[in-house]
Each structure stands twice: as C-alpha cells, then as structure tokens.
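To start, the structure under review is shown below, and the notes come after it.
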Amino acid sequence: MAKCERCGKKGLFLKVNVFGRCKECQTAVDLENELNEIRQKHEKIYEVQTARLEEITSKLNDREALFDELKAEAKKTVRDEFEMEFQSESTELIELKSQLANITSELEDKEAAVKKAEHSHLLASTKTAKLRSAYKSIEYAIEKYSRMSANDLFSIAPDLQQIEESLYPTVNLPLHCLDVKDLRKRYKDNEKLIDDALVKYQDRYTTKANAAIYQLMVIALRSELQNILRDINYGKLESSESAIKSMTAKYAKIATDGNQLIAPSVMRFIGEIEYLFLQAVNIEYEYYIRKEQIKEEQRALREQMRQEAEERKQLEQQKKQVEREENKYKLEIANVMSQIVNTEDSEKVQALKRRIEELQLQ
C-alpha cells in the first residue's frame, strides 16, 4: 500500500513519486522550492545592495562632515569637486533604494501567488480526500469481505469465547487530534462517513432480533475504537491497525454466528467500517507524528540559536576592531585638518588635502 511521506495519506490506488510524495504534495513542494529559490536570490541581491548602501551612506556622511569643515578655508575649485561627488553618490543612493523597493514588491507578489496556490490545493485535496475515503471504504469491503464466509473468520480471530465484556455503551474519550484544527476537520469528516454507513446498513435489519444484533455490534465497535485510539502512541501505528482488524473480525464472527441470514450484509458492513476505523487511527496517529516533528524542530532551533549566538559574539569583536581602526583614522584626519587651518602655504595645503583623501580611502 503506497503512502505519502509528506502528508501521510496511504491507499492502494495512491500514486507516489520517487521521493515518496503524492501528486498534491509534490506540487506543494515544487511551489515551496520555487519560492525558496526566489527568496535566496533576492536575499543575496538585498545583502549586496544593502552593503553597498551602507558603504555609500557612510561615505556620504563622512564627506558631508568634511565638506562642512573645509568650506570656510577651501578654494572654490575644491568645494565644487566635493559637491559634484556628493551629488553623484546621492543619485546612486536613490537608485539603490528604488531597486530595493522593486525587489521587495516582487517578493511580496510571489509570496501572495504561492499562498493562493496553496489555498486552492488545500481545498481540492480536502474534497478529493473525502471522495476517495468513501470510495475506498466500499472498495475495501468488496475486496476483503464480499467472498468471505463466516467460517473464514476463525483464521482471523480464533479466540472468541466471551462476548459479554465487549458489549459496552459508546464512550466519548478525548482524542489528541481534536486539539489540532486540520486534524479535527479530517476526523469529523471521517466520522460523518462512519455515521452515513451506519444509517445505510441499519435500515437493512427489519426484525427485532437482527436490529438488536446490529445495534449492540455498533455500540461495541465504537467503544473499542475509542479505546484503541486512546492507546495510540508514536511508533505504535501498526499495532493499532492490527487491533482494528482483529476487533472487526471478532464482531463479524459474533454477528454471523448469531444469524447466518445476515452474514453477507454484515461482511459488507464490517468491510466499510474497518476501512473508516483505520482512517481514524491514521488521523489520530498524525498528531503524534507532528508532535515528534516539533521536538526535532525545537532541537534544531536550539542548535541554531547557539550557533547564532557564537556568530554574534564574533561579529561584535570584529565590529569593535573596525571601530578602533576608524577612530584612529578620524583622529589623524582631524590632526591634518587642524594643520590645514593653521597653514597658509598653498602647496602644503594641497599636500595635506591629498593626505586627507588617502586617509578617507583607508
């Protein structure tokens, strides 16, 4: 029986690709991969242009401060050169901001398109799952029980001496899947299919004896289903499914021993109910799969946080080193500026200005 590794759906007619995914999940994965590629591309562009923006902004701030300090003493030609350079870099800064805005807008449009596609896929998957579940329950019943006789049940459940303990009323035990929105919806949809099957077969038993057998069997089946669902835990899916199959076989044997005339109808009923009960088991088990995934994600997140803390520590050290170097150059520039103010020799002033430019480049 094929099973989707991503969403957990399984079935005889379910087709999965080489990655173990159904068609709907592979479509969602492809969309996610495309979005991730776009995000990575835009993040790289954003990082490069942000670095360039910061560099230009820093240069502009330094140049503007220097321009203000030198304006009173510098010649008109020097002032004009600074103004032209300032204007050029301001224009480049505006262009970079515009490019960043365009990239951000494009990324938002892509994310909106992916969300819309995921919503459409979810609606289609939900509708398809309901139809598939109803169809496969009938198919399952025909394939497994339509040709089985009452005697065949001895090979499935040979120890059926006491039935009194099985005929308890339905109990309403709390299930973990009901605490999760999408699992609760899937469980309720499956419950609706079970109710529909029960109503459909109830009308077939017209005598009081047959109706009593059917009603008692339904009460006991649902009661035992609740017990099996409450015993599910991570790693116990196969044992829970085996318990469902053994339980349905047991009640089919009990009912058919009571009245052979209703054996064919009971076999079909048990077949449909067994499939839907197995679906309920899989829905409840999905909660434990997600719980285990959350634990793994939390462990990975803690490791990531530890690594990021180490990286932040290293970056802080690098930042302090850069600040020390920057302060050194600022002090030297201030020293040269004071020399320009106190020097009237034009050649020496030009040499000091060239020294300032060298310091700025450094």
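The values are calculated or read from the model by the stated rules, or taken from the named source; none is laboratory data. Since the structure is predicted, the reported quantities are computational estimates derived from the model, not experimental observations. Cβ: placed from backbone, ideal geometry, glycine included. Neighbour counts: every protein chain shown. Ligands, DNA and RNA are stripped out before the accessible areas are found, and what is left, the full protein with its side chains, is counted by its heavy atoms. Shrake-Rupley method; radii C 1.70, N 1.55, O 1.52, S 1.80 Å.
Report, by residue number, each residue of segment 204-213 that is closer than 17 Å to ILE270 by Cβ and open to solvent by 60 Å² or more (accessible area, probe 1.4 Å). Once the filter is applied, which keeps residues that are closer than 17 Å to ILE270 by Cβ and open to solvent by 60 Å² or more (accessible area, probe 1.4 Å), segment 204-213 yields only ARG204.
Could you list, in sequence order, the residues of segment 6-40 that are in contact with a helix residue (DSSP H, G or I) (Cβ under 8 Å, 6 or more places away or on another chain) and among the acidic types (Asp, Glu)? Scanning segment 6-40 gives GLU24, GLU32, GLU34.
Within segment 1-25, restricting attention to residues that are closer than 19 Å to GLU286 by Cα and assigned to a helix (DSSP H, G or I), the residue that is modelled with the lowest pLDDT is GLU24. Based on this model, can you work out whether ALA197 counts as of a type in the set (Gly, Ala, Ser), touching a residue at least 40 places away in the same chain (Cβ under 8 Å) and either in contact with a His (Cβ under 8 Å, 6 or more places away or on another chain) or surrounded by fewer than 19 Cβ atoms within 10 Å (Cβ to Cβ) (or both)? No, not satisfied. Condition first: closer than 20 Å to LYS291 by Cβ and not aliphatic (A, V, I, L, M). Now tell me which residues in segment 227-243 satisfy that. Within segment 227-243, ARG230, ASP231, ASN233, TYR234, GLY235, LYS236, GLU238, SER239, SER240, GLU241 meet the criteria.
Taking segment 100-117 as the range and being open to solvent by 60 Å² or more (accessible area, probe 1.4 Å) and of a type in the set (Val, Ile, Thr) as the test, only THR104 passes.
Residues that are surrounded by 15 or more Cβ atoms within 10 Å (Cβ to Cβ), within 16 Å of ILE262 (Cβ to Cβ) and either modelled with pLDDT of 85 or more or among the hydroxyl-bearing types (Ser, Thr, Tyr) (or both): does segment 171-185 have at least one? Scanning segment 171-185, I find no residue that is surrounded by 15 or more Cβ atoms within 10 Å (Cβ to Cβ), within 16 Å of ILE262 (Cβ to Cβ) and either modelled with pLDDT of 85 or more or among the hydroxyl-bearing types (Ser, Thr, Tyr) (or both), so the answer is no.
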